[in-house]
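The values are calculated or read from the model by the stated rules, or taken from the named source; none is laboratory data. Model, not experiment: these values are computed from the prediction. Quick reminder, even Gly has a Cβ in these numbers, built from the backbone with ideal geometry, and neighbours come from all protein chains shown.
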Amino acid sequence: MKKPYFIAEIGSNHNGDPDRIRALIVEAKHAGFDAVKFQLFTAETLYHPSCGKEKEVVKSRELNPLLVYTIDVLCREHSIDFICTPFSLEAVDLIQPFVKGIKISSFDLLRLDLIAKAARTKLPLYISTGMAEEKEILDALVIARSNGAGNITLFHCNSNYPAQPENCHLKMIYELRDIVQIQNLNFNTKKVERIRLGWSDHTVDVLTILTSILYARVGVVEMHFDLRDRCGAEYSHGHCWTPAKSLWTIERVKEAIKIMGDKDVYNLQLENDPNRDWRADPKDGLRPMRSVRS
């Protein structure tokens, strides 16, 4: 069993501050994350004109597009992948030269035009399925694959901020696995390995993370992330991990995976275990085996 790919979802916790962006990237790397993820949107293109209050709140959380290049440079400097969620077709064009992957949010799963454009970049594509029905997920997969998507990751998530662990229903990851198998048959492809399953976390609960990995066998985990000062724009909502808790959790995951072990290594140890010959012989119930009795 391999360690999952951990993504630190920065969201709007950068507060528009380049120094804070640098600190977030450095802290995420130190905590053991493999990637940081930012979001590129404008209030004007995100909400309908009737949503005045929502637009006012979101306006303060926008990422200046000029900082995309800066983020790319910082990520390269600290050897951590840069992923971004575009919320418009124009944003896809802007981030494509710089990112290592593109994420489609749960709220944009029905935007097949956005999925298609992201897929045509051939970059790894991460699709969140919160609030989605089976047909909506299948439609998104068909569009992504039909437009030449690179490696695809389907995230299960609960779209509440925060989400309660008992409401996460991690067994749904098995349902996603079935959906992937159905889609593979319909798409007439053998490239099952191209679709990974992931967990996008809003719980800040260590046990939920461990369960998603050890029980549901996800290969990617996304965790909302803020600095230890807890002053990010999203932290007060209660769904963000701090560097210390992230580091502790990822280290526990590594230890748990080591305890889970490797089947081939186990079989090799079994073959060379001298105690095997000292088990009770099935013919008379006496130890050791007849083959080694003197």
Looking only at segment 78-94, count every residue that is closer than 17 Å to residue 11 by Cα and either modelled with pLDDT under 95 or of a type in the set (S, T, N, Q) (or both) and tell me the total. 2
Taking the residues in segment 95-107 that are surrounded by 18 or more Cβ atoms within 10 Å (Cβ to Cβ) and not hydroxyl-bearing (Ser, Thr, Tyr) as candidates, determine which candidate is farthest from residue 9 (Cα to Cα). 95
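Out of the residues in segment 256-294 meeting the condition of being of a type in the set (Val, Ile, Thr) and surrounded by 10 or more Cβ atoms within 10 Å (Cβ to Cβ), tell me which one is farthest from residue 215 (Cα to Cα).
From segment 256-294, those of a type in the set (Val, Ile, Thr) are 257, 259, 265, 292; that's our starting set.
Filter once more, keeping what is surrounded by 10 or more Cβ atoms within 10 Å (Cβ to Cβ): 257, 292.
Numbers: 257: 11, 292: 41 Å.
Among residues in segment 256-294 that are of a type in the set (Val, Ile, Thr) and surrounded by 10 or more Cβ atoms within 10 Å (Cβ to Cβ), the one farthest from residue 215 (Cα to Cα) is 292.
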Kindly indicate which of 199, 248 is assigned to a helix (DSSP H, G or I), surrounded by 13 or more Cβ atoms within 10 Å (Cβ to Cβ) and of a type in the set (Phe, Trp, Tyr). 248
Pairs, please: C-beta under 6 Å, at least 6 apart or cross-chain, first residue within 13 Å of residue 204 (Cα to Cα) and in the same structural domain as residue 38 (by TED's automatic domain parsing) and in segment 240-253, second outside any helix (DSSP H, G or I) and among the acidic types (Asp, Glu)? 240/226; 240/234
Six or more apart or on different chains, Cβ under 7 Å: which pairs go from a residue in segment 49-70 that's closer than 16 Å to residue 21 by Cβ to one that's of a type in the set (Phe, Trp, Tyr) and surrounded by 11 or more Cβ atoms within 10 Å (Cβ to Cβ)? Could you list them? 62/41; 63/38; 68/98; 69/98
Going through 125, 110, 138, 66 one at a time, which residue ends up being within 22 Å of residue 179 (Cβ to Cβ) and surrounded by fewer than 16 Cβ atoms within 10 Å (Cβ to Cβ)? 110
Residue ID - nearest to the chain's Cα centre (by Cα), chosen from residues in segment 20-79 that are among the hydroxyl-bearing types (Ser, Thr, Tyr) and assigned to a loop (DSSP other than H, G, I, E, B): 79
Residue pairs meeting the criteria (Cβ under 8 Å; at least 6 apart or on separate chains; first more than 29 Å from residue 216 (Cβ to Cβ), in segment 1-26; second part of a strand (DSSP E or B) and modelled with pLDDT of 95 or more): 14/38; 21/10
Find all pairs meeting these conditions: Cβ atoms under 7 angstrom apart; at least six residues apart or on different chains; first residue within segment 82-98 and assigned to a helix (DSSP H, G or I); second residue crowded, with 16+ Cβ neighbours inside 10 Å and polar (S, T, N, Q). 92/121
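Report yes if some residue within segment 177-194 is at pLDDT 95 or above and not in a loop (DSSP other than H, G, I, E, B); otherwise report no.
In the first step, residues of segment 177-194 are kept if they are at pLDDT 95 or above; the result is none.
Within segment 177-194, not a single residue is at pLDDT 95 or above and not in a loop (DSSP other than H, G, I, E, B).
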When segment 202-236 is examined, which residues are found to be assigned to a strand (DSSP E or B) and not hydrophobic (A, V, I, L, M, F, W, C)? 222, 224
Across (1) surrounded by fewer than 17 Cβ atoms within 10 Å (Cβ to Cβ); (2) in contact with a Pro (Cβ under 8 Å, 6 or more places away or on another chain), residue 27 clears everything bar (1)
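Okay, residues lined up against (1) of a type in the set (A, V, I, L, M, F, W, C); (2) assigned by TED's automatic domain parsing to the domain that holds residue 178:
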{"position": "216", "(1), (2)": "yes, yes"}
{"position": "235", "(1), (2)": "no, yes"}
{"position": "270", "(1), (2)": "yes, no"}
{"position": "283", "(1), (2)": "no, no"}
